[in-house]
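Chemist: Let me begin by handing over the structure; questions about it come next.
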Amino acid sequence: QVQLAESGGGLVQPGGSLKLSCAVNTNAVNAMGWFRQAPGKEREFVAAIRWSLGRKYYADSVKGRFSISRDKAGSPVYLQMSSLKPEDAAVYYCATGRPIESTVQTERGYTTWGQGTQVTVSS
């Protein structure tokens, strides 16, 4: 059974930084994505990384501020968030599976989801 272990999250002031991590317990996946859901809003794509060629994807709203990475095979995936804004506040979910190019930025590309971690951006 594929399982994800998320960590990170918390309270940060606007302009601050926060780092999330997500570990998966199998090699039978080929990508990991981060999504977020703010109160009253639908869950939205944030960033993703595919193992193949280490290709990375970002939502326009976080480009230049967030960075997704994985050091090596079997390592956790990290989401480094910088220059955080109040509108970045949400529950962040990591997800994994075997998405293809057309689904890597969509929820349907992923089969296993983490429990979510709260990110609060407030002064």
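The values are calculated or read from the model by the stated rules, or taken from the named source; none is laboratory data. Quick caveat, the model's predicted, so the values are computed rather than measured. Backbone-built Cβ (ideal geometry, glycine too); neighbour counts: all protein chains shown. Accessible surface areas use protein heavy atoms only, side chains included; no ligands, DNA or RNA. Shrake-Rupley method; radii C 1.70, N 1.55, O 1.52, S 1.80 Å.
Chemist: Filter the range 63-80 down to the residues that are over 17 Å from Gly9 (Cβ atoms) and either of a type in the set (A, V, I, L, M) or in contact with a Cys (Cβ under 7 Å, 6 or more places away or on another chain) (or both) and list them by number.
Modeler: Ala73
Chemist: Right, next: Mind listing whichever residues of the range 1-15 are open to solvent by 40 Å² or more (accessible area, probe 1.4 Å) and in a strand (DSSP E or B)?
Modeler: Ala5, Ser7, Leu11
Chemist: Next question. Restricting to strands (runs of 3 or more DSSP E) lying wholly in the range 40-123: which have 1 or more residues that are among the aromatic types (Phe, Trp, Tyr)?
Modeler: The qualifying strands (runs of 3 or more DSSP E) are 44-50, 56-58, 66-70, 77-81, 90-97.
Chemist: Quick check on the range 90-113. Is at least one of its residues at pLDDT 95 or above, surrounded by 16 or more Cβ atoms within 10 Å (Cβ to Cβ) and over 21 Å from Val2 (Cβ atoms)?
Modeler: Looking for residues that are at pLDDT 95 or above, surrounded by 16 or more Cβ atoms within 10 Å (Cβ to Cβ) and over 21 Å from Val2 (Cβ atoms), one finds at least one in the range 90-113, hence yes.
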